[in-house]
Amino acid sequence: MVSGNSNQISNFWMLLLLAIGAYLVHGHKGTKVGFYSTTCPQAESIVSSTVQCHFNSDHTVAAGLLRMHFHDCFMRGCDASVLIVDPNTQKKAVANLGLRGYEVIDDAKTQLEAACPGVVSFTDILALAARDSVVKVNGSSWVVPTGRRDGRVSLVSDADNLPAFNDSIDVQKQKFSALGLNTQDLVVLVGGRTIGTSDCQFFQYKMYNFTKERNGVVDPSINPAFLPQLRALCPQYGDGSKHVALDTYSPNRFDTSYIRNLRIGQGILESDQMLWNDASTKAKVKHLLLGLNFKVEFGNSMIKMSNIGVKIGNSGEIRQVCSKIN
């Protein structure tokens, strides 16, 4: 009888391990790790070397590629629709005007087409380039399931799905939850801003006119000792389009510095500082700082995010040109 129970337990754990293995190898909705292993075995190395080449010339391209992938997935699912150019496409939305790194995607696609014509999608290039960019700035790598196809629709209104710099915690949670991401994913992915930048126009109001009723009112969540530094970066009547590093300590290194800044009242974007000030997310921030491995958790959340709204088969295409559907 004992032997029978032992065999049942053994079989249970074997099935569980097989299930976990299948999850790691296969992505979601038809994607899987190594999708191009036979059709274009050099695909990932081509993307990686292309990112490296551009990174050598401009280190800030890493943040640009990570942000582009994030925006693409949040608007209409991960389908490279952010790349399409037309008067009413996502690219024209105000939230996307600052996206950069298009030349890296174009360069990678050109090399991939020379090696394996019509095989690798722009969507997969975006996902791989985002991963490789994080690695270049001292982040950890993660396996990227591939096999996504490119979308054929892109609308300015899709940008309404993007988290905004002044969204409340409830709104942020709703936007993430609608895409299958939980509160931990929210906190972890915000941590990716450790290598990001923001225009002054998106947080100047916090320092000079927070209530929008009269001048001189400062966001009470800002650390008073940090205020002079922030005002020096973005004067009240200065250039609103000036780029400022969101992580004032280690802007070119992928680490927990930006998350730590929230704890001491130095989160630059209002929506980010709310993560520490709101009890429902503060616990997640603490766990990320004190127990969880941020770099590993970031990779896990990126895998989840990269499988939002994936298109396979006839629901998408392998786009030939970055900016237009076939």
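Surface analysis of the chain yields an accessible area of 46 Å² per residue, using protein heavy atoms and a 1.4 Å probe.
By the beta carbon rule, with partners counted only under 4.7 Å, the chain holds these lone Cys residues: C53, C322. Principal-axis analysis of the Cα atoms of the chain puts helix 2-25 at an angle of about 60° to the longest axis.
Remark: the stretch 44-92 is approximated by an ellipsoid whose semi-axes, taken from the C-alpha gyration tensor as √(5λ), come to 23, 12, 10 Å, largest first.
Could you state the angle between the C-alpha long axis of helix 122-136 and the longest principal axis of the C-alpha atoms of the chain, as a value from 0 to 90 degrees rounded to the nearest 10? In the chain, helix 122-136 runs at an angle near 70 degrees to the longest axis. So what's the Cα pair-distance distribution over the stretch 271-326, bin width 5 Å, in %? Going out from 0 Å in 5 Å bins, the stretch 271-326 shows 4, 14, 13, 16, 15, 9, 7, 10, 11, 2 percent.
Restricting the calculation to alpha carbons of the stretch 144-291 gives Rg and Dmax of 16.4, 53 angstrom.
Across the stretch 36-129, C-alpha contacts under 8 Å between residues 6 or more apart give a mean separation that, scaled by the residue count, equals a relative contact order of 39 percent. Backbone amide hydrogens, once placed in the peptide plane, bring G139 within less than 5 Å of F254, excluding anything fewer than 5 places away on its chain.
State whether the chain is rounded, prolate or oblate according to the following rule on the C-alpha gyration tensor (a ≥ b ≥ c being the square roots of its eigenvalues): a/c under 1.5 gives rounded; otherwise a/b larger than b/c gives prolate, and the remaining case gives oblate. Since a/c reaches 1.5 but b/c is at least a/b, the shape of the chain is classed as oblate. To the nearest ten degrees, helix 61-76 and the longest principal axis of the Cα atoms of the chain are 80 degrees apart. Entry note: the stretch 52-178 has Rg to Rh equal to 0.97, where both radii use alpha-carbon atoms and Rh is the Kirkwood radius.
The Cα trace of the stretch 196-268 gives Rg and Dmax of 12.2, 38 Å, the first to one decimal, the second as a whole number. Each residue of the stretch 229-315 gets 162 Å³ once the volume of the Cα convex hull is shared out per residue. Coupling constants for the stretch 40-45 follow from the phi torsions by the Karplus curve (6.51 cos²θ - 1.76 cosθ + 1.60, θ = phi - 60°), and in residue order they are 7, x, 8, 4, 5, 5 Hz; glycine and proline get x.
Note on N300 and R152: with the Förster distance fixed at 41 Å, the Cβ-Cβ geometry gives a FRET efficiency of about 0.85.
How high is the FRET efficiency between A232 and T39 when r is their beta carbon distance and R₀ equals 56 Å, given to the nearest 0.05? Rounded to the nearest 0.05, the efficiency is 0.60. Under the criterion of Cα pairs below 8 Å and six or more residues apart, the relative contact order for the chain equals 24 percent.
Rounded to the nearest 0.05, what FRET efficiency do N277 and D239 give with R0 = 35 Å and r taken as the Cβ-Cβ distance? Could you check?
Working from the Cβ atoms, E equals 0.75.
Stretching the chain fully between I325 and L290 yields a gain of 8.0 nm (0.36 nm per residue, less the alpha carbon separation). Rounded, prolate or oblate: pick one for the stretch 120-202, where a ≥ b ≥ c are the square roots of the eigenvalues of its C-alpha gyration tensor, a/c under 1.5 means rounded, and failing that, prolate if a/b is larger than b/c, else oblate. Verdict is oblate for the stretch 120-202. For K136, a cut-off of 22 angstrom between C-alpha atoms picks up these lysines, skipping any fewer than 8 places away in its own chain: K109, K295, K304.
Qualifying trypsin sites (Lys or Arg not before Pro) in the stretch 98-160, where qualification requires a DSSP coil assignment and no more than 16 other C-beta atoms within 10 Å, comprise R100, R152.
You can think of it this way: the chain between D86 and A114 has 7.4 nm of extra reach, that is 0.36 nm per residue less the Cα-Cα gap. Once you reduce the stretch 282-298 and the stretch 47-97 to the center of their Cα atoms, the two points are 26 Å from each other.
Would you kindly give the portion of the calculated P(r) for the stretch 64-139 that falls above 15 Å, as a percent of all Cα pairs? Display every interim value, and only then the final one.
Working: 1565 of 2850 pairs.
More than 15 Å apart: 55 percent of the Cα pairs in the stretch 64-139.
The values are calculated or read from the model by the stated rules, or taken from the named source; none is laboratory data. Here the structure is a predicted model, which means the values were calculated and not measured. Virtual Cβ from ideal backbone geometry, glycine too; neighbours counted across all protein chains shown. Remember, those area values only see protein heavy atoms, side chains included, never the ligands or the DNA or RNA. Shrake-Rupley method; radii C 1.70, N 1.55, O 1.52, S 1.80 Å.
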